[in-house]
Amino acid sequence: MPVPLVWVYFNAGGHSDIHPDHGVVYLSKRGTRLDLERQQIRLVEGMTLRMFDCDLHENGNHDDVIAEGVVHFDAQQGEWCAVFPTAGPTHVSEARNFPNQWAWGVDWPAVHQAVGYRMDGRPS
């Protein structure tokens, strides 16, 4: 089964209390919940999740923020989150340094269309 790719709001996170050398993003934002529902994804403890947030490069070109993490239910917060190494997230353009990076196999225009973003980064 392929690893799901889901829109997240990376600003809804920070450092993980559970894994101090990892970052965390909470999966409770409305856009994330809608994307999970659209793809019929049920979060399960320990599942791998690929995440992105639409972003623009300083030159105006689309350059999404991406990360891969592991899903965890944060009982203290009472919500699902994804924990990822602090080396991520990164931008798709920075993944160029890693030829086997999963982001290169993604049809980004199709992903943006599915979640309701135009290629100029503005909501459609």
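The values are calculated or read from the model by the stated rules, or taken from the named source; none is laboratory data. Please read these numbers as outputs of a predicted model, since none were measured by experiment. In this analysis, Cβ positions are derived from the backbone assuming ideal geometry, glycine residues included, and neighbour counts consider all displayed protein chains.
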Exercise for the section: Tell me, yes or no, whether the range 61-71 has at least one residue that is touching a Gly at 6+ places or on another chain (Cβ under 8 Å) and more than 18 Å from residue 23 (Cα to Cα). Expected result: yes
Handout entry: Breaking point among (1) in a loop (DSSP other than H, G, I, E, B); (2) at pLDDT 90 or above; (3) acidic (Asp, Glu), for residue 17
Key = (2)
